[in-house]
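The values are calculated or read from the model by the stated rules, or taken from the named source; none is laboratory data. Only a predicted model underlies this, so the values are computations on that prediction, with no experimental measurement involved. Cβ coordinates were reconstructed from backbone atoms using ideal geometry, including for glycine residues, and neighbour counts include every protein chain displayed.
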Amino acid sequence: MIDIREATKNFGDFKAVDKVSFSVKAGEAFAILGPNGAGKSTLIRCILGTLDFEGEIRLNNLDIKENRKEAKALIGYVPQEPQFYDMTTIEVLNFFGSIRRVNKERIERVLHLVGLKEHVFKSTSALSGGMRQRLSFGIALLSDSPVLILDEPTSNLDAYARADLLRLIKKFKTEGKTVLFSSHRLDEVEFLADRALVMKSGKIILESTPHKLGEVLGLKSKLHIKLPQSSIKTALDVLNENGFNNISLNGNKLSIELSHKERILALRKLLLAEIPVEDFNVEEPSMESIMEEVQQNGL
């Protein structure tokens with residue numbers, strides 16, 4: 001569905017995208033992972049046809065340079081920070097619906113799909129960040145385009161709104177949409193993507209399935225577990241017996257540094273030993289730590 005060959009974008013002497021090549025199959029979710037300044041957004045703007053570039057980008061075998069209008073019609077786009085005039089939700093969708101030449105039934109359907117039926121007469125300035133991003137997603141869905149392109153769609157959302165939007169995106173992926181999205185968070189890439197590539201300084205430095213990315217880079221996660229004070233000693237004994245030694249203790253909270261594939265194993269051992277776990281969370285490696293591993297491995 002998306003085929004990119006030697007895509008290159010220069011801004012003067014600065015090479016923002018450097019001979020990038022990859023393909024995305026129909027119905028696949030593909031992630032572009034990297035820190036700020038890696039070239040993710042510039043590459044997406046090339047795919048959208050809003051920037052001139054060297055190389056070739058094809059959407060469903062349509063060259064974006066030669067068939068710009070037809071190729072762009074295949075895309076629904078969700079920007080990182082949607083901007084709206086101070087209109088109501090329904091006014092925004094009616095405006096973009098008239099541009100896309102869709103009927104009112106489709107607009108009503110989109111309102112239902114993105115969960116904005118109860119906010120149709122609310123001003124966009126009064127919408128929460130999550131609701132504004134849902135509205136942006138609704139605009140992308142108006143034409144029922146087969147390809148969804150999202151540029152760090154969760155970057156400005158709180159944890160609840162982020163999880164809510166990720167579930168919505170995954171729903172459309174499972175229904176057959178091709179999804180290309182950029183991110184700087186490994187956890188959402190694992191949740192959504194079938195494949196992922198890591199960019200640095202405009203270049204692809206690594207491509208992998210998301211669940212193997214942590215193993216390939218040797219990343220460490222931290223498992224934080226809250227236990228009853230009376231269970232601390234027993235928990236430490238169980239963990240040590242099973243080879244988990246890199247443990248720190250803060251009151252009744254244990255923190256364990258683990259390899260990527262061992263993240264849940266330690267928790268499972270505690271539960272099998274019938275140790276009551278009051279709460280837990282996994283601290284994923286940051287994008288900075290990912291890039292440090294990339295540099296140390298010479299990738």
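The condition (being touching a residue at least 24 places away in the same chain (Cβ under 8 Å), crowded, with 23+ Cβ neighbours inside 10 Å and assigned to a helix (DSSP H, G or I)) is satisfied by just one residue among Phe191, Phe137: Phe137. Taking the stated definitions as given, is Ser231 buried (at least 18 other Cβ atoms within 10 Å of the Cβ) and closer than 29 Å to Leu33 by Cβ? Answer is no for this residue. Output the residue which, of all residues in the stretch 194-242 that are part of a loop (DSSP other than H, G, I, E, B) and within 30 Å of Phe11 (Cα to Cα), is modelled with the highest pLDDT. Restricting to residues being part of a loop (DSSP other than H, G, I, E, B) and within 30 Å of Phe11 (Cα to Cα), the top hit is Gly202. Would it be correct to say that Ile232 is in contact with a strand residue (DSSP E or B) (Cβ under 6 Å, 6 or more places away or on another chain), β-branched (Val, Ile, Thr) and not assigned by TED's automatic domain parsing to the domain that holds Ala38? No.
When the test is whether a residue is closer than 23 Å to Gly27 by Cβ, modelled with pLDDT under 90 and crowded, with 18+ Cβ neighbours inside 10 Å, Ser183 passes it. Condition check for Lys171 on (1) touching a Gly at 6+ places or on another chain (Cβ under 9 Å); (2) surrounded by fewer than 16 Cβ atoms within 10 Å (Cβ to Cβ); (3) under 27 Å from Glu91 (Cβ atoms): one failure, at (1).
Figure legend. Inter-residue proximity from the stretch 70-98: first residues assigned by TED's automatic domain parsing to the domain that holds Phe137 and closer than 18 Å to Leu157 by Cβ, second residues β-branched (Val, Ile, Thr) and at pLDDT below 95, beta-carbon distance below 7 Å, spacing 6+ or different chains. Indicated pairs: Phe84/Val92; Phe84/Thr124; Thr89/Val120; Thr89/Thr124. Among the residues of the stretch 250-265, the one identified as assigned to a strand (DSSP E or B), at pLDDT below 90 and surrounded by fewer than 15 Cβ atoms within 10 Å (Cβ to Cβ) is Ser259. When residues in the stretch 238-281 are screened for being β-branched (Val, Ile, Thr) and closer than 12 Å to Lys222 by Cα, 3 of them pass. Could you look through the stretch 49-70, keep only residues that are at pLDDT 95 or above and not in a loop (DSSP other than H, G, I, E, B), and pick out the one that is nearest to Ser145 (Cα to Cα)? Once the filter is applied, the top-ranked residue is Leu59.
Checked against (1) under 23 Å from the mean Cα position of the chain (by Cα); (2) of a type in the set (Gly, Ala, Ser); (3) more than 25 Å from Glu175 (Cα to Cα), Ser98 passes all but condition (1). Per the conditions (1) β-branched (Val, Ile, Thr); (2) buried (at least 17 other Cβ atoms within 10 Å of the Cβ); (3) free of Cβ contacts under 8 Å to residues at least 40 places away in the same chain, the sole criterion not satisfied by Val120 is (2).
Being surrounded by 16 or more Cβ atoms within 10 Å (Cβ to Cβ) and in the same structural domain as Pro82 (by TED's automatic domain parsing) is not true of Ser125.
Take Leu93 and tell me if it is over 23 Å from the mean Cα position of the chain (by Cα) and surrounded by 18 or more Cβ atoms within 10 Å (Cβ to Cβ). Criteria met by Leu93. Restricting attention to the stretch 77-94 and to residues that are assigned to a strand (DSSP E or B) and closer than 13 Å to Arg134 by Cα, the residue that is modelled with the lowest pLDDT turns out to be Val78. Pairing each residue of the stretch 102-113 that is at pLDDT 90 or above with any residue that is part of a helix (DSSP H, G or I), provided the two are 6+ apart or on different chains, yields C-beta distances under 6 Å for Ile107/Leu93; Ile107/Gly97; Val110/Gly138; Val110/Leu141; Leu111/Lys117.
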